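A short write-up of the structure that comes next.
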Amino acid sequence: MTRRWKVRPEGANWGEFGDDDQLGRLNLMTPEKVRQGVAEVREGRTFSLSLPLDLPGGAVLNPSRHPPQLRPTTTPAGEMNFLRSFREVYNTTEVVCDDMVTLCLQYSTQWDALSHVGAQFDADGDGEAETVFYNGYRPEGLFHTPADNPQGASSAGALGIENAAVHGVQGRGVMADLRRAFGDARRSVGYDDLMRALQAQGAEVERGDVLCVHTGFAEAIVEMAGAPDKARLDACGAVLDGADARLLRWIDDSGIAAIAADNYAVEARPYEHAGDGRHALLPLHELCLFKLGLPLGELWWLTPLADWLAANGRSRFLLTAPPLRLPGAVGSPVNPIATV
């Protein structure tokens, strides 16, 4: 165990799960939380909470992220392994299709790893800020870019998404149906609004639960069928107000293990910053990923599940949502399954 910091950020939980911890609040997804999730299964009905991974379409939400590109693998001789017959060589009946994909890991339905967002913070207490991530992990010797990797790859040697994959992401999900509470128009939702929505739905959130935030944003993406309308999306659905200190405090105090939303970025961006000095562009991301080690999910397709839960007077379900076990990745596509 090696403590990597002398000073931790205000409101951070660094060290509370161990000085070498790389799981953060996923530590709260215990066997008991899995049993609680299983206890919510009454019908045996499942919902996939993933968008088709080629949605939203284009690069409207983030100009750096592009739709996946499927193409066939090839043999060393350059032959295409797609609808390939072996009849002439081996006199066999098989026809083979084999493919590969170029995929932006956070283009569509996704988990953010704890290595996705760090901050410049004076963890040494020497008056100089350095780049640091959850639990004091530094990029030096751990985070690699193409500039220092002979293979031209990037990788996070700490806090990568594989940690969540090995631990498993399974437990009890709780729906916060902001669309049902506030409609389809853009609305900044702080602590008061969130509490009002949860109370109206009879939803109780407990330590170790995964909070799923339904706004209708992903449903709008599905309706756009790969041709997203930026103006419509910019005005669509509720977003959590990362500037609301009481909301951030509740996220910490509630003990939730993760947050998954059906919108892009979970929180409002950009937001109006009050005061002077350097600050976080995405304060909820800073709190969750950097300070608390609390994973964030984005662009989950929650509408069919939210509608079913509302029609049946329920808010809880078993959630199974492991990311890909891809070492060094800072995010991952996911096909979450809710079972009710």
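Looking for something in a loop (DSSP other than H, G, I, E, B) and within 30 Å of residue 128 (Cβ to Cβ) - is there at least one such residue anywhere in region 313-327?
No: region 313-327 contains no residue that is in a loop (DSSP other than H, G, I, E, B) and within 30 Å of residue 128 (Cβ to Cβ).
May I ask you to list the residues in region 177-202 that are polar (S, T, N, Q) and under 22 Å from the mean Cα position of the chain (by Cα)?
188
What are the residue pairs meeting all of these: first residue in region 62-79, first residue of a type in the set (S, T, N, Q), second residue part of a loop (DSSP other than H, G, I, E, B), Cβ atoms under 6 Å, and 6 or more apart or on different chains?
73/81; 73/98
How many residues does region 183-197 contain that are closer than 14 Å to residue 254 by Cβ and open to solvent by 10 Å² or more (accessible area, probe 1.4 Å)?
Looking only at that region, the number is 2.
What about residue 180, is it in contact with a Leu (Cβ under 7 Å, 6 or more places away or on another chain) and open to solvent by 50 Å² or more (accessible area, probe 1.4 Å)?
Here the answer is no, as residue 180 does not meet what is asked.
Every residue in region 1-26 that is free of Cβ contacts under 8 Å to residues at least 12 places away in the same chain and under 23 Å from the mean Cα position of the chain (by Cα), please.
Once the filter is applied, which keeps residues that are free of Cβ contacts under 8 Å to residues at least 12 places away in the same chain and under 23 Å from the mean Cα position of the chain (by Cα), region 1-26 yields only 16.
May I ask you to verify whether residue 166 is open to solvent by less than 10 Å² (accessible area, probe 1.4 Å) and hydrophobic (A, V, I, L, M, F, W, C)?
Taking the combined requirement at face value, the residue does not satisfy it.
If you scan region 1-34, which residues turn out to be over 28 Å from residue 173 (Cβ atoms) and of a type in the set (Ser, Thr, Tyr)?
2
The values are calculated or read from the model by the stated rules, or taken from the named source; none is laboratory data. Keep in mind it's a predicted model, so treat the numbers as computed, not measured. Using ideal geometry, Cβ is built from the backbone for each residue, glycine included, and neighbour counts are taken over all protein chains shown. Side chains included, ligands, DNA and RNA excluded: accessible areas come from the protein's heavy atoms. Shrake-Rupley method; radii C 1.70, N 1.55, O 1.52, S 1.80 Å.
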